[in-house]
Amino acid sequence: MLVPHWIPLLPGTAFWALALYLPLSLPLARLEAALAAGSLPEPVQQLVLVAGSLLLALAVGAIANLALSWALGPGWASSLGLIAAGWGAFTALASQARDSGE
């Protein structure tokens, strides 16, 4: 059975999507405001917002992974994605601890 060439890129794409999810979710506030001003029901607004943010993160994650895979190799791109996702989680936890005074 032949494996498509893009299958090995999926873990790195997922790591980059996770790493870039929070920075990309900030511009989505405009989409949220536009949805709130519209006439869609609340559950549909939430579905559009969640689907839009996940698709944006996956698209940017795929682009970042493909660019880094081309420049550094697929293994390095996936590793950097894992490091970026871990660093994002670490800084989020550190920020939360700092804000709570721990």
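The values are calculated or read from the model by the stated rules, or taken from the named source; none is laboratory data. What you see is a predicted model, and the numbers here were worked out from it, not measured in a lab. We place every Cβ from the backbone using ideal geometry, glycine too, and count neighbours over all the protein chains shown. SASA here: full protein model, heavy atoms, side chains in, ligands and nucleic acids out. Shrake-Rupley method; radii C 1.70, N 1.55, O 1.52, S 1.80 Å.
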What number comes out for accessible area per residue over the chain if the probe is 1.4 Å? Units Å², please. 71
Per-residue ellipticity at 222 nm for the chain, helices alone: DSSP H runs ≥ 4 residues times -39500 (n - 2.57), over residue total, nearest 500 deg cm²/dmol? -28000 deg cm²/dmol
Where does each of 30-41, 90-101 land if you order them by average Cβ count within 10 Å, highest first? 30-41, 90-101
Cα gyration tensor of the stretch 43-102, axes a ≥ b ≥ c as square roots of the eigenvalues: rounded (a/c below 1.5), prolate (a/b > b/c) or oblate? oblate
Label-point separation (nm) for Leu28 and Ala71, each offset 7 Å from Cα along Cα-to-Cβ? 2.5
Checked against the structure, the computed percent of Cα pairs over 18 Å apart among [x] 41; [y] 49; [z] 58 is the one labelled [z]
Apply the membrane-span-like helix rule to the chain: whole DSSP H runs, Cα extent along the own long axis of at least 30 Å, mean Kyte-Doolittle hydropathy at least 1.0. List the helices found. 42-72
